[in-house]
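Novice: Have a look at this one before I ask anything.
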Amino acid sequence: QWRREGSKLCFGCHENKKEEFGNKKYKHGPVIQGDCVACHNPHGSANPKILWKYFPQEFYTPFAVEKYELCFGCHQKTLVLDKYTSTLTDFRRGNENLHFLHVNREKGRTCLACHEVHAGSQARKIRLSTPFGEWKIPIKFTMTSTGGSCAASCHVEKKYDRKNPFKLEIDVQEEKL
């Protein structure tokens, strides 16, 4: 029994997680590969959730590279360090990197504010709701071929478009008239 490989060993005890992840359409790479130990240290850790490296559990935290060492083991740091890009992410308005915009502020949002870590029901693993204190704020995410929109209780619906960033700004201004 103890000689199982990958997630089969973990799911021997954490069967509820297997069911939870299996029911979701959009899975994180290590979940797809059955590689729990890419992020978790099964022998123990000083970090929350037995992670190999630190990852913030808060909703808001000022950005610092060292807080995301776990993520940056696979994902490029420039995903949140570059204010402008045309290649790092599809989450952009023209070439304005919207990950940078959300993370790099004194009251920066962590990845957990918008994304499910393991698996999600919405595209890009966007949460169905986000925790905010004792509340759960619903998030309605719509993906388009050139961007998308996000509607959550924390802000009015916001649209973004990689190809036509200025058209959306005109549309929003016309709606206000």
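The values are calculated or read from the model by the stated rules, or taken from the named source; none is laboratory data. Please read all numbers here as calculations on a predicted model, not as lab measurements. With ideal geometry, Cβ positions are generated from the backbone for all residues, glycine too; neighbour counts draw on all protein chains shown. The protein model used for the area step is the full one, side chains on, heavy atoms only, and it has no ligands, DNA or RNA in it. Shrake-Rupley method; radii C 1.70, N 1.55, O 1.52, S 1.80 Å.
Novice: Can you name every residue in segment 144-164 that is open to solvent by less than 100 Å² (accessible area, probe 1.4 Å) and at pLDDT 85 or above? Don't jump to the end; show me each part of the working.
Specialist: Kept after step one, since they are open to solvent by less than 100 Å² (accessible area, probe 1.4 Å), are these residues of segment 144-164: 144, 146-155, 159-162, 164.
Scanning segment 144-164 gives Thr144, Thr146, Gly147, Gly148, Ser149, Cys150, Ala151, Lys159, Tyr160, Asp161, Arg162, Asn164.
Novice: Can you run down the residue pairs with Cβ atoms below 8 Å, 6 or more apart or on separate chains, where the first is in segment 22-47 and at positive phi and the partner is open to solvent by 50 Å² or more (accessible area, probe 1.4 Å) and not acidic (Asp, Glu)?
Specialist: Cβ pairs passing all conditions: Gly34/Lys8; Gly44/Ile50.
Novice: Moving to a separate point now. Filter segment 93-128 down to residues that are touching a helix residue (DSSP H, G or I) at 6+ places or on another chain (Cβ under 8 Å) and in a helix (DSSP H, G or I) and give me whichever is nearest to His40 (Cα to Cα).
Specialist: Among them, the one singled out is Cys111.
Novice: Go through segment 32-41 residue by residue and tally those that are open to solvent by 50 Å² or more (accessible area, probe 1.4 Å) and over 19 Å from Gly120 (Cα atoms).
Specialist: 1
Novice: How many residues are surrounded by fewer than 16 Cβ atoms within 10 Å (Cβ to Cβ) and more than 13 Å from the chain's Cα centre (by Cα) when one looks only at segment 107-136?
Specialist: Here the count works out to 7.
Novice: Now a separate question. Checking the conditions here, which among Gly29, Gly22, Gly44, Gly12 is closer than 18 Å to Gly73 by Cβ and either open to solvent by 80 Å² or more (accessible area, probe 1.4 Å) or small (Gly, Ala, Ser) (or both)?
Specialist: Checking each option against the conditions leaves just Gly29.
Novice: I need the helices (runs of 4 or more DSSP H) fully contained in segment 1-92, keeping only those with at least 1 residues that are out of contact with any Asp or Glu (no Cβ under 7 Å at 6 or more places or on another chain) and β-branched (Val, Ile, Thr). Don't jump to the end; show me each part of the working.
Specialist: Values: elements: 7-11, 15-22, 29-32, 78-81.
Output list reads 29-32, 78-81.
Novice: Consider segment 78-105. How many of its residues are open to solvent by 70 Å² or more (accessible area, probe 1.4 Å) and closer than 20 Å to Glu66 by Cα?
Specialist: The total comes to 3.
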